[in-house]
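Enquirer: First the structure, then my questions, so here it is.
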Amino acid sequence: MRILGIETSCDETSAAVVENGRTVLSCVIASSGKDFEKTGGVIPEDAARKQLESILPVIRKSIQDASMTPKELDAIAVTFGPGLLGSLLVGTTTARTLSSVWNRPIIPVHHTMGHLSSTWLCDAEEDSEPSFPILALSVSGGHTDLWYRLSHTEGRLLGSTRDDAAGEAFDKGAVMLGLPYPGGPALASLAKAGDPSAYAFPLPLSKEKTCDFSFSGLKTSLKYLIRDLGKAMEHPETRASVAASYQHAICTHLCRSVEYAMQLQPDAKELHIVGGVSANEHLRQETMLLAKRCGMEIRWPASLRYCTDNGAMIASAGYFLLREKPDILSGSFLTKATAKMGE
Ligand code: KG4
Ligand code: ZN
């Protein structure tokens, strides 16, 4: 089964064709992120306007790259939310139109479901398939969730952020350090030359036994550290060490909640790290050490392209959703899903 996946929830416009939920036949991603370097964040109206311009060329290219024609597609999967309302409308309206023109069913996909499926994506079929139960840490600019998953459609949310998302902590920290948007990769790159143990940050929620997260305290600590360092912040080494210590604090906090989740769900076979922040090398190192210690298999998306927002993960989630819940294709489900758009 070949599904076209469409993702337009934030500043990316992406379309991909994925076979049987796993093999990526094509994946095209256009991002307007560069336009927002100066504003330090996405301006929703501008993002949606760009998406309106690029959605059809991106879809056309994804079908061409897969060496297919629209007739050979079995279904269209599209992100219905959560995300920026105007951006989501560009994707869902296009998907609905193509669904009626091509006479193909449409599968509404929750954005987080897409990220959770991203560890199934591969460019070659021989990659081993993940096995449930799975502990999945989904870390992006919009959410930070820890899931215990029994299948693609069953599971339990063990914890989530009480304030900012992990990606937001990176992005806001980057703004304080004078780095361009999107801050995560810029902060990670600055941190490479720094010492992660140079400055101590208080560990959030350290007195609680919880799988939740909180990043607002770290952000405030960073603000005061920069203020207290004053002129010293002009030294490249100091700046790098501040970035490395802040990044280390975010990762340590993420790992602590994951470790607690492992104690709660000792039957989990694999640990998956997904979402934009799963591209972070320091997080990968720290979670790998943790998984090794606990004897668990660890996975993150096979390519960095599948960590941040992309259409392939939406096509994959759509496939598994359809396999486990075939009634998803009924009109009433889609109406309910689109009614929830923007939540
Ligand atoms: O999943 P995603 O593309 O979009 C949302 O669903 O939000 O995640 C984007 C987030 C941004 O906050 C970005 O700064 C962060 O992922 N990010 C990173 C890295 N690459 C992207 N954060 C830390 N290190 C990275 N290498
Ligand atoms: Zn995302």
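Each reported figure results from applying straightforward, stated rules to the coordinates on display, with no laboratory input. Since we're looking at a predicted model, the values are computed, not measured. No Cβ is skipped: glycine too gets one built from the backbone with ideal geometry, and neighbour counts run over all protein chains shown.
Enquirer: Among the listed residues 303, 316, identify the single one that is within 16 Å of ligand 1 (Cβ to nearest atom), buried (at least 22 other Cβ atoms within 10 Å of the Cβ) and among the hydroxyl-bearing types (Ser, Thr, Tyr).
Expert: Checking each option against the conditions leaves just 316.
Enquirer: Then there's this: Among all residue pairs at least 6 apart or on different chains, which show Cβ distances below 9 Å where the first residue, located in the stretch 302-323, is under 26 Å from residue 284 (Cα atoms) and the second is within 16 Å of ligand 2 (Cβ to nearest atom) and of a type in the set (Lys, Arg)?
Expert: 312/305
Enquirer: Continuing with the same structure: Would you pick out the residues in the stretch 1-53 that are touching a residue at least 60 places away in the same chain (Cβ under 8 Å), charged (D, E, K, R) and not in a loop (DSSP other than H, G, I, E, B)?
Expert: Matches in the stretch 1-53: 2, 7, 12.
Enquirer: Given the criteria in contact (Cβ under 8 Å) with a residue 12 or more places away in the chain, exposed (fewer than 12 other Cβ atoms within 10 Å of the Cβ) and on the phi < 0 side of the Ramachandran plot, does residue 185 qualify?
Expert: It is false that residue 185 is in contact (Cβ under 8 Å) with a residue 12 or more places away in the chain, exposed (fewer than 12 other Cβ atoms within 10 Å of the Cβ) and on the phi < 0 side of the Ramachandran plot.
Enquirer: Considering only the stretch 246-299, how many residues are in a helix (DSSP H, G or I) and in contact (Cβ under 8 Å) with a residue 40 or more places away in the chain?
Expert: The total comes to 23.
Enquirer: Which count do you get for residues in the stretch 13-57 that are hydrophobic (A, V, I, L, M, F, W, C) and closer than 30 Å to residue 128 by Cα?
Expert: 10
Enquirer: Would you mind finding the one in 226, 298 that is away from ligand 1 (no atom under 11 Å from the Cβ) and either touching a strand residue (DSSP E or B) at 6+ places or on another chain (Cβ under 6 Å) or closer than 19 Å to residue 147 by Cβ (or both)?
Expert: Exactly one of 226, 298 is away from ligand 1 (no atom under 11 Å from the Cβ) and either touching a strand residue (DSSP E or B) at 6+ places or on another chain (Cβ under 6 Å) or closer than 19 Å to residue 147 by Cβ (or both), namely 298.
Enquirer: Out of all the residues in the stretch 255-295, which are within 16 Å of ligand 1 (Cβ to nearest atom) and touching an Asp or Glu at 6+ places or on another chain (Cβ under 8 Å)?
Expert: 255, 276, listed by residue number.
Every residue, every condition in (1) touching a Phe, Trp or Tyr at 6+ places or on another chain (Cβ under 8 Å); (2) small (Gly, Ala, Ser); (3) more than 18 Å from residue 139 (Cα to Cα), yes or no:
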site	(1), (2), (3)
266	no, no, yes
275	no, yes, no
294	no, no, yes
308	no, no, no
315	no, yes, yes
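Enquirer: Further question: Could you check the stretch 124-187 for strands (runs of 3 or more DSSP E) lying wholly inside it with 3 or more residues that are within 16 Å of ligand 2 (Cβ to nearest atom)?
Expert: It comes to 134-139, 144-149.
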